[in-house]
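*Asks:* Before anything else, here's the structure in question.
Nothing in this text is a laboratory measurement; each read-out follows from the coordinates by a stated rule. Just so we're clear, the structure is a prediction, and the values are computed from it rather than from any experiment. So basically every Cβ, Gly included, is an ideal-geometry build from the backbone, and we count neighbours across all protein chains shown.
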Amino acid sequence: MHLADPSLGILGANGVVAAGIPIAAGAALAAQINERGQVAVAFFGEGALHTGAFHEAVTLAVAWRLPMLLLCESNGWVEFTRADAWGGPEPAARGAAYGLLSDSIDGSDVTVVLARVEEVLETVRSGAGPAFLEVKTVRAGGHYEGDAQAYRPEDAVVLEATDPLLRSRDALGLTEDEAKSLVHAAEAEMETAAETALKAPYPSPASLMEDVYA
Ligand SMILES: Cc1ncc(C[n+]2csc(CCOP(=O)(O)OP(=O)(O)O)c2C)c(N)n1
């Protein structure tokens with residue numbers, strides 16, 4: 001979960017629902033002030049739509065016309081609760097309510113996502129202000145490792161039909177063996193990375209105070 005690589009523009013993910021949205025607004029503000037032509041993208045689930053952090057960040061993003069894309073990975077679930085249990089407006093309607101360019105697309109087809117995101121980024125980059133995209137998908141696993149998911153038996157069938165990885169494999173025309181060899185290569189790379197991390201020395205206790213600002 002806690003991935004970050006500033007050299008690739010990945011500012012970091014964390015376990016606090018919606019916490020990435022104000023961080024992305026800050027990054028968008030920096031890009032705007034420094035005229036870098038960049039767009040900050042915040043990824044979050046439907047659960048984040050119910051938080052103050054979402055509404056505060058969108059309010060600022062609209063007021064300052066920040067170059068920002070709010071991308072909601074809409075998988076129908078908020079932890080163990082159905083996302084529609086709350087009965088309010090659909091995710092894209094929330095973005096529209098703030099006056100954002102707001103749309104809802106099929107997240108199970110990578111080409112659809114790429115094409116629409118490219119269009120929206122171009123609009124945002126042109127100075128139109130922030131945008132909102134609901135990307136509809138199916139949650140591929142449980143909420144935690146070992147979650148038996150007894151609360152969503154029917155979703156396994158939906159996932160089988162809409163799995164974006166399987167759809168991409170078919171769209172690329174890969175055979176079963178070609179797909180497997182790609183998976184094995186990725187697994188080997190991850191294995192090497194994990195071994196390297198396990199062999200790495202522990203940081204010194206003094207490093208605890210590095211990059212801490214008060
Ligand atoms: C601020 C905050 N409140 C509560 C939680 C506990 N929590 C962890 S995941 C989650 C639901 C997240 O829903 P969603 O963003 O839709 O993610 P998904 O269920 O699709 O993984 C909650 C409430 C948290 N991590 N952070």
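*Asks:* Assuming R0 = 25 Å, can you tell me the calculated FRET efficiency for the pair LEU208 and LEU3, based on Cβ-Cβ distance, to the nearest 0.05?
*Replies:* Approximately 0.75, to the nearest 0.05.
*Asks:* Give the average over all directions of the projected area of the C-alpha convex hull of region 1-137, one decimal, in nm².
*Replies:* Orientation-averaged projected area of the Cα hull: 8.0 nm².
*Asks:* Another question about this same structure. Which listed residue (PRO201, THR175, TYR213) has the Cα farthest towards the positive end of the charge dipole for region 169-214, taking +1 on Lys and Arg C-beta and -1 on Asp and Glu C-beta about the Cα centre?
*Replies:* So the residue furthest toward the plus end is TYR213.
*Asks:* Report for the chain the percent antiparallel among DSSP-assigned beta bridges with both residues inside it, nearest 5.
*Replies:* The antiparallel proportion sits near 15 percent.
*Asks:* Treat each spin label as a single point 7 Å out from the Cα along the C-beta direction, and report the GLU189 to GLU160 distance in nm.
*Replies:* My value for the distance between the label points is 3.1 nm.
*Asks:* Given a cut-off of under 8 Å on Cα pairs at least six residues apart, what relative contact order in percent is computed for the chain?
*Replies:* Once normalised by length, the contact order is 16 percent.
*Asks:* I would also like to ask the following. Would you calculate the separation in nanometres between label points at ASP106 and GLN149, each defined as 7 Å from the Cα along the Cα-to-beta-carbon direction?
*Replies:* For ASP106 paired with GLN149, the spin-label model returns 2.1 nm.
*Asks:* Take TRP64 and THR196, extend 7 Å from each Cα along the Cα→Cβ direction, and tell me the distance between the two endpoints in nm.
*Replies:* About 3.6 nm separates the two model spin labels.
*Asks:* I want the local charge near VAL17. Using Cβ-Cβ distances under 13 Å, sum +1 for each Lys or Arg and -1 for each Asp or Glu among the other residues.
*Replies:* Here the charged neighbours net out to -3.
*Asks:* I want to verify a result. In a Gaussian network model of the chain, Cα cutoff 10 Å, which of these has the top mean-square fluctuation: GLY26, GLY107, GLY87?
*Replies:* Maximum among the listed residues: GLY87.
*Asks:* Compute a Gaussian network model of the chain, connecting alpha carbons closer than 10 Å, and tell me which residue from GLU191, GLU73, GLU119 fluctuates the most.
*Replies:* Among GLU191, GLU73, GLU119, the largest mean-square fluctuation in the Gaussian network model of the chain belongs to GLU191.
*Asks:* What ³J(HN,Hα) values, in whole Hz, does the Karplus curve 6.51 cos²θ - 1.76 cosθ + 1.60 give for region 105-118 when θ = phi - 60°, with x put for Gly and Pro?
*Replies:* Residue by residue, region 105-118 yields 10, 6, x, 8, 10, 4, 6, 5, 5, 4, 5, 6, 5, 4 Hz.
*Asks:* Taking Cα centroids, how far is region 111-143 from region 175-214 in Å?
*Replies:* That distance is 28 Å.
*Asks:* Compute the Cα gyration tensor for region 171-214, then decide on rounded, prolate or oblate, letting a ≥ b ≥ c be the square roots of its eigenvalues: rounded whenever a/c is under 1.5, prolate when a/b is larger than b/c in the other cases, and oblate in all that remain.
*Replies:* It comes out oblate by the Cα gyration axes.
*Asks:* Now, a different point. Taking springs between alpha-carbon atoms closer than 10 angstrom, which of ASP147, ASP103, ASP84 fluctuates most in the Gaussian network model of the chain?
*Replies:* Judging by the Gaussian network model, the answer is ASP147.
*Asks:* Per DSSP H run of n ≥ 4, the term is -39500 (n - 2.57); total these for the chain, divide by its residue number, and report the mean residue ellipticity at 222 nm rounded to 500 deg cm²/dmol.
*Replies:* Helix contribution divided over all residues of the chain: -13000 deg cm²/dmol.
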